[in-house]
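Throughout, read-outs are computed from the coordinates displayed, never taken from laboratory work. Just so it is clear, the structure is predicted and the values come from calculations on it, not from any experiment. All Cβ positions, even for glycine, are placed from backbone atoms using ideal geometry, and neighbour counts span all protein chains on display.
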Amino acid sequence: MILRFIFSIVLLYSSMAYSQQVVTPVTDLLGRTVNVKLPVQRVILGEGRQLYLVAMFDKENPAQRIVAWRKI
């Protein structure tokens, strides 16, 4: 759960930092690496209450990139 949270925040933050599409590696807490195309278009949250954290990075429309989250 924490892994998904960290991954989703990193993806969201990364999407706002770049305007061109580039590929960047993202490594999770278990050491797995995934290549992610930036800017990120869609994000999956581990929990719905993480929307508050997403709102810190995207103040205008925090839900625009969220396509799913896990039901608690």
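Worth pointing out:
- Once the C-beta distance of Asn61 and Val34 is scaled by a Förster radius of 30 Å, the resulting FRET efficiency is 0.75 to the nearest 0.05.
- Scoring 22-30, 41-49, 54-62, 3-11 by mean Cβ neighbours within 10 Å over their residues and listing the highest first yields 3-11, 41-49, 54-62, 22-30.
- The chain: relative contact order as a whole-number percent, Cα under 8 Å and 6+ apart: 32 percent
- Given charges at beta-carbon only (K, R positive; D, E negative), |dipole| of the chain in Debye: 200 debye
- When volume of the Cα convex hull per residue in Å³ is computed from the coordinates, the matching label among (i) 102; (ii) 81; (iii) 248 is (ii).
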